[in-house]
1. Which residue is surrounded by the fewest Cβ atoms within 10 Å (Cβ to Cβ), if the candidates are limited to the stretch B:109-147 and must be among the β-branched types (Val, Ile, Thr) and farther than 12 Å from B:VAL157 by Cβ?
2. A:LEU75 is checked against (1) in a helix (DSSP H, G or I); (2) surrounded by fewer than 23 Cβ atoms within 10 Å (Cβ to Cβ); (3) more than 11 Å from chain B (Cβ to nearest Cβ) and fails just one. What number does that condition carry?
3. Restricting to the stretch A:133-172, give me the number of residues that are surrounded by 19 or more Cβ atoms within 10 Å (Cβ to Cβ), in a loop (DSSP other than H, G, I, E, B) and away from chain B (no Cβ under 14 Å).
4. Name the residues in the stretch B:73-99 that are touching a residue at least 60 places away in the same chain (Cβ under 8 Å) and of a type in the set (Ser, Thr, Tyr), would you?
5. Evaluate the following for A:VAL104: is it under 13 Å from A:VAL175 (Cβ atoms) and not polar (S, T, N, Q)?
6. Which residues, taken from the stretch A:24-49, are within 11 Å of chain B (Cβ to nearest Cβ) and either touching a residue at least 40 places away in the same chain (Cβ under 8 Å) or out of contact with any helix residue (DSSP H, G or I) (no Cβ under 8 Å at 6 or more places or on another chain) (or both)?
7. Looking at the stretch B:340-369, which of the residues that are outside any helix (DSSP H, G or I) and either modelled with pLDDT under 85 or charged (D, E, K, R) (or both) is nearest to B:ILE302 (Cα to Cα)?
8. Which is away from chain A (no Cβ under 14 Å) and without any contact (Cβ under 8 Å) to a residue 60 or more places away in the chain, of B:LEU323, B:LEU294, B:LEU310?
Amino acid sequence: MSLLELKGISKIYGDLKALDNINLSVDNGEWVAIMGPSGSGKSTMMNIIGCMDKPSLGEVLLDGVDISKESAKNLTEIRRDKIGLIFQQFHLVNYLTAVENVMVAQYYHSLPDEKEALEALDRVGLLERAKHLPSQLSGGEQQRVCIARALINHPEIILADEPTGNLDEANENIVLDLFKQLHEEHTTLIVVTHDPEVAEVAQRTITLDHGRIKSDKINEMFGKS
Amino acid sequence: MTKRKMFFRMITASLVRRRSRMLVALLAIAVGATILSGLVTIYIDVPRQMGAEFRNYGANMIFMAASNDAVFDMDAVDKGIDVIGSGKIVGVAPYRYETVRIHEQPIVAAGTDLSQVMTTSPYWMIDGEWADSDEQFMVGRNIAESLNLHVGDLVNVMGPTEEDSEDQLNFGLDMKLTGIVETGGKEEDYIYMSMTDLETLVGEGELDVAELSVSATGDELAGYIDKIGSEVPDITPRLVKRVTQSESTVLGKLQALVFLVTVVVLVLTMICVATTMTAVVTERRKEIGLRKALGASDSSIIKEFMGEGLLLGGAGGILGSVLGFLFAQYVSVRVFASSIRFQPLLLPVTILVSVLITGLACAVPIRNATSIDPALVLKGE
């Protein structure tokens, strides 16, 4: 059964169709890369899947529930309970330590648990940097904190918007290795990227162009490298 | 960890680790609280301070005999003083007026307690010195000129003749003139001596009037008048309206001015804090967007930012209360040359007002913060 299903999704701004009749389904545990040039509709699609925007037309079924008509308040609750977000710019709260940044996600979701937050940081290899502020961390370390934060509430889907866009090659590999581990644990991953190398390691690559799906390919090399 | 613990951990981290930013907001609140606390302290203490100043203009209450049958002596005066409370009394000068003779000229002599006259009539100018013991006396400028008396003269002062009084012998005292009284008023037409000397000259008798200098506002004085009138039947108390009305008018205007300045400062503080908080919220749009993206509800955002604001308000209020007292103390010492009284109730009131003002000032920018779209902010648009 599909975890996520987009049925005839369009997003229209005046005369511009940012998304034009998108049909897509993502299975539970699947790792999907979304590619496309600037203005192709990647971010709009991410915002809709991430419950930060609503489509003009069509249905978005998440876990069998249509979220396209939900109120902003309900969308916030769905995002909090089911979705983990990873951003290109990391977006950590700059006056909170790494562990506190992870605990913020717990705070809005349920109850903060420092031990669990430290375990999440340990998983991304940052236990020793847990008490550091974001300004004391490298870009790669900040992104790993962001991943730990996204994972802490055990979301059904991880949405990553250009997660390696601001990283050097070494840190990019660390992040991609983490994604591989998550995939092996049957976490559903949707990753927006410009980078073909990042797309290649995903299970499936969807290419957008002018708001439409240009191609939807299964990566034959997936799992072999 | 409980949600409440995390809430306080986040807002204290925001205040402590962003101290350079928050210091500006804290200073804005503290300056407002300082001026507020200082001005209110002065506002409350002004009647006391000005009351002491006004006492330089002389007595503000007099006691007279209630009727011809009434016994008006020092015992009756003391009963009146008991009603007022000795803590409020600056000075009490009893007066008894009798006719004596100097160089065979009839003169009105006032028997009194000259050490008390110094406090009830501090505006008297004395050429020479105050008489401070028996067989010393002072004369008014007009008397001194008409009788050609000079400071240091030994003057024979005579009581009434047998013709004047059938009961009295013709006593006389050789008294030393220590000072000449200058007031520009009717006081220059009398001579002044101790009550003992007057009794020696003319025998015992009742008082004619007692002048009191009382440290109290016009309303308080009016209250004392009513109370003494009903509780001490031998006395008719009266206000010296010339003095009390001037006091009330000046005090009223001064308090109105301080009140007006306080209100203006409150409004300015609110504008300043609101501006600062708007800037704080604006520069944290991304953080608000991030929190919303992580699932924060509008009420959570309001609670967190309001929590920060109120904590700042409280801290600014505490700081302002302390600085406000120091400010009021400085003003009091410079203007009134006396230290101010600490008003304990003003501490919680200042903190509460600071918290309320900060809360009000934060309300609009924080309400606006909830309308931030997380998708736009996180894209950097």
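1. Initially, the stretch B:109-147 is screened for residues among the β-branched types (Val, Ile, Thr), giving B:112, B:117, B:119-120, B:126, B:139, B:143.
Subsequent filtering for residues that are farther than 12 Å from B:VAL157 by Cβ retains B:112, B:117, B:119-120, B:126.
Details: B:THR112: 25, B:VAL117: 24, B:THR119: 19, B:THR120: 24, B:ILE126: 15.
Ranking the qualifying residues of the stretch B:109-147, first place goes to B:ILE126.
2. (3)
3. Matching residues across the stretch A:133-172 total 3.
4. Result: B:TYR95, B:TYR97, B:THR99.
5. Working: under 13 Å from A:VAL175 (Cβ atoms): no; not polar (S, T, N, Q): yes.
So A:VAL104 fails the test.
6. Once the filter is applied, which keeps residues that are within 11 Å of chain B (Cβ to nearest Cβ) and either touching a residue at least 40 places away in the same chain (Cβ under 8 Å) or out of contact with any helix residue (DSSP H, G or I) (no Cβ under 8 Å at 6 or more places or on another chain) (or both), the stretch A:24-49 yields A:SER43, A:THR44, A:MET46, A:ILE48.
7. B:GLN343
8. Unique residue meeting the criteria: B:LEU310.
The values are calculated or read from the model by the stated rules, or taken from the named source; none is laboratory data. If you're wondering where the values come from, they're calculated on a predicted model, not measured in any experiment. Backbone-built Cβ (ideal geometry, glycine too); neighbour counts: all protein chains shown.
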